[in-house]
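Student: Below you will find the structure I want to go over with you.
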Amino acid sequence: MSAPRVLIIIPCYNEQGAIAALLEEISGCQQGYETIVVDDGSEDATFQIASRFSPTVKLLRNLGIGGAVQTGIRYAQSNGFDFCVQIDGDGQHPPREISKLLEAYRKIPSSIVIGSRYLQNDTFRSTWVRRFGGQAIAWTLNTLFSQSAVTDPTSGMRLMDRKAIKFFVKHYPHDFPEPISLAWALKEGFAVGEVPVQMRAREHGNSSIIGIKPIIYMLRVLGYIVLARIMRASPR
Amino acid sequence: MPATALKTVIVITIFAIGYMFFIIRKTARRQLDIYDLVMLSTVAIVPIVFAAFPQFAYWLANIAGVGFPFVVMFGMLFAILFIFVHRLTFKVHRLESDNRLMVQEISLLRQTLDHEEDKKNRIAQDGSIH
C-alpha cells in the first residue's frame, strides 16, 4: 500500500520574515509532505520568497484566513491528496509535530484531528483573556455537541481527511474559521479528535487579536456556534 | 379633514417626476433592473398619492388606528424599503460568496498556469543545454 499523500496548507499574510525558514524546516522533516502556500494578498515579498520553495497561490484580493485555507483545501481536493494539514505561516506550528496528527489519525481515524496546545500539555503560555476565550468556546462546543471533547478549538494546526476536505470545499466559514468550522463539522456528524502538540511563540509579526478583541471574538464565535447548532445540516 | 395645499402637491409632484425620470433612465441604461425600478418608484408614487388624495390618507390612518396620516405614509415607505433592503442583503451575500469562489478559482488557475509555464521553460532550457 502506498503512503498517503499529505498536503500542508500554509495560509499567510505579510510573512516574509518567517515563510522561508518554515518551508525549509518542512523540507528538512523529510516526510514527503507536499506544501501549498496561500498568500492572502500580502503587501510584502511573501509571494516571491515562498515561490522559491513551494507551489504558491497568490489570491487576487485579501479573503481573510478562512478564504485562504479554503483555497488550499480546494487545491488538495483537485490534486487528489489524502490528507491536508493546516499550519500557520508565522512559524508557530513546528512541522515535526505534523507526524503526531497523522499518528493520531492512524490510531483513531477522526475526520479532523486538532493539534492541541492544552491537552496533557499546559506549557503553552498565552494571555489570560485568550485562554479564557478559548476555554469558553471549547466548553460551548462540548456542551452543544455531545460527541465533542475538544480542548483547543481555536488551534490553527489541524488535519483533515478526504471526507472533511470534500465538505470544507463547499462549506468553510470566512470569519473565525477554526472554531466555527469545527461546529459545522460536528453538526454534520464528523468525528473530531485531538492530539497534544508543542507550539512556539510567534517570532515575526504581531497577532491581530489583541486588546479587547479576544472578548469580541469570543462573543461572536459563541453566537455563530449556537447558530450552527440550531441550523440544519447541509446537503452533501 | 384638511386638503393638501396646492404648493405641497406641486413640490411633491416635481420631486416624484424628477426621481422617476432619474430611475427610469438608469433602468434604460441597465444600471437598475425592473424589480429595483418598481420598488424605488414607490418612494415617488406613495407621497404623490397621499398628497393628491388626502382623504385616502385619513381613511387609512383611521383604519390603522394611527392619529396622524403621515405616520401611515412613512410606515408604508418604511415597509417597502425594508423589503427592498432585505432582498438586497440576500443578493449581496450571494454575490460575495460567488466573488470569493471566483477569486479562489482564478488564483488557483493562475498558479497552475504559472507552474505549467515554468515547467515548459525548464524543459526548453534543458533542451538547449543538451
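The values are calculated or read from the model by the stated rules, or taken from the named source; none is laboratory data. Just so it is clear, the structure is predicted and the values come from calculations on it, not from any experiment. Please note: Cβ atoms are built from the backbone with ideal geometry, for glycine as well, and neighbour counts cover all protein chains shown. To get the accessible areas, we keep the full protein, side chains included, count just its heavy atoms, and leave off ligands, DNA and RNA. Shrake-Rupley method; radii C 1.70, N 1.55, O 1.52, S 1.80 Å.
Student: Which residues among the range B:31-46 fall inside the zone where the amide N is under 19 Å from a point 7 Å beyond the Cα of B:Arg94, along Cα→Cβ?
Tutor: B:31-40
Student: Sort A:His174, A:His93, B:His93, B:His86 from largest to smallest accessible area, using a 1.4 Å probe on the heavy atoms of the protein chains. Present the calculation step by step, with values, prior to reporting the outcome.
Tutor: Values: A:His174 55, A:His93 5, B:His93 125, B:His86 95 Å².
The ranking, largest first, comes out as B:His93, B:His86, A:His174, A:His93.
Student: Full extension from A:Ile230 to A:Ile108: what is 0.36 nm times the residue separation minus their Cα-Cα distance, to one decimal in nm?
Tutor: Working: separation 122, 0.36 × 122 = 43.92 nm, distance 2.82 nm.
Using 0.36 nm per residue and subtracting the Cα-Cα distance, I get 41.1 nm.
Student: Can you tell me which lysines have their Cα less than 30 Å from the Cα of B:Lys120? Leave out same-chain residues fewer than eight positions away.
Tutor: Within the straight-line limit of under 30 Å, B:Lys120 reaches these lysines: A:Lys58.
Student: Using alpha-carbon positions, what is the distance between the centroids of the range A:135-149 and the range A:57-126, in Å?
Tutor: Going from one Cα centre to the other spans 20 Å.
Student: Hey, any idea what % of chain B's accessible area is carbon plus sulfur with a 1.4 Å probe?
Tutor: Carbon with sulfur: 70 percent of the solvent-accessible area.
Student: Output the residues of the range A:48-89 meeting this criterion: accessible area (heavy atoms, 1.4 Å probe) in the chain alone minus accessible area with all protein chains in place is 40 Å² or greater.
Tutor: Hits at the 40 Å² cut-off: A:Val57, A:Leu60, A:Arg61, A:Leu63, A:Arg74.
Student: Please give the FRET efficiency for B:Ala28 paired with A:Trp139, using the beta carbon to beta carbon distance and R0 = 45 Å, rounded to the nearest 0.05.
Tutor: Numbers: r = 58 Å, r/R0 = 1.29.
Calculated transfer efficiency: 0.20.
Student: Now for a separate question. Among rounded, prolate and oblate, which fits the range B:3-129 when a ≥ b ≥ c are the square roots of the eigenvalues of its C-alpha gyration tensor, a/c under 1.5 means rounded, and a/b larger than b/c means prolate?
Tutor: Working: a/c = 7.96, a/b = 3.39, b/c = 2.35.
Prolate, since a/c reaches 1.5 and a/b exceeds b/c.
Student: Taking a probe of 1.4 angstrom, what is the accessible area of A:Leu219 in Å², to the nearest 10?
Tutor: Near enough 110 Å² of accessible area.
Student: If you don't mind, another one. So how much slack lies between B:Leu81 and B:Val9, counting 0.36 nm per residue of separation and subtracting their Cα-Cα distance, in nm? It would help to have the intermediate numbers written out before the result.
Tutor: Numbers: separation 72, 0.36 × 72 = 25.92 nm, distance 2.26 nm.
Length gained, B:Leu81 through B:Val9: 23.7 nm.
Student: Return the loop-located GluC sites (Glu not before Pro) in the range A:1-73 (DSSP other than H, G, I, E, B) with at most 13 other Cβ atoms within 10 Å of their own Cβ; answer none if there are none.
Tutor: On the way: sites: A:Glu15, A:Glu24, A:Glu25, A:Glu34, A:Glu43; in loops: A:Glu15, A:Glu43.
The qualifying sites are A:Glu43.
Student: Find the centroid of the Cα atoms in the range A:6-29 and in the range B:52-103, then give the distance between the two in whole Å.
Tutor: After rounding, the separation between the Cα centres reads 51 Å.
Student: Hey, what's the Kirkwood Rh for the range A:6-230 if you take every pair of different alpha carbons, in angstrom? Intermediate values should be presented prior to the final figure.
Tutor: Working: mean 1/r = 0.0573 Å⁻¹.
For the range A:6-230, inverting the mean 1/r across all distinct Cα pairs yields 17.4 Å.
Student: What do you get for the angle between helix B:34-52 and the principal long axis of chain B? Use alpha-carbon atoms, 0 to 90 degrees, nearest ten.
Tutor: So the inclination is approximately 20 degrees.
Student: When the accessible area of chain A is split by element with a 1.4 Å probe, what percent falls to carbon and sulfur? Each step should come with its number before you reach the end.
Tutor: Numbers: 5970 of 10930 Å².
The value for chain A is 55 percent carbon and sulfur by accessible area.
Student: Report, in deg cm²/dmol and to the nearest 500, the calculated mean residue ellipticity at 222 nm for chain A, where each DSSP H run with n ≥ 4 adds -39500 (n - 2.57) and the sum is divided by the residue count. Don't skip to the answer; put the middle values down first.
Tutor: On the way: 8 runs with 99 residues, N = 236.
Counting only the DSSP helices, I get -13000 deg cm²/dmol.
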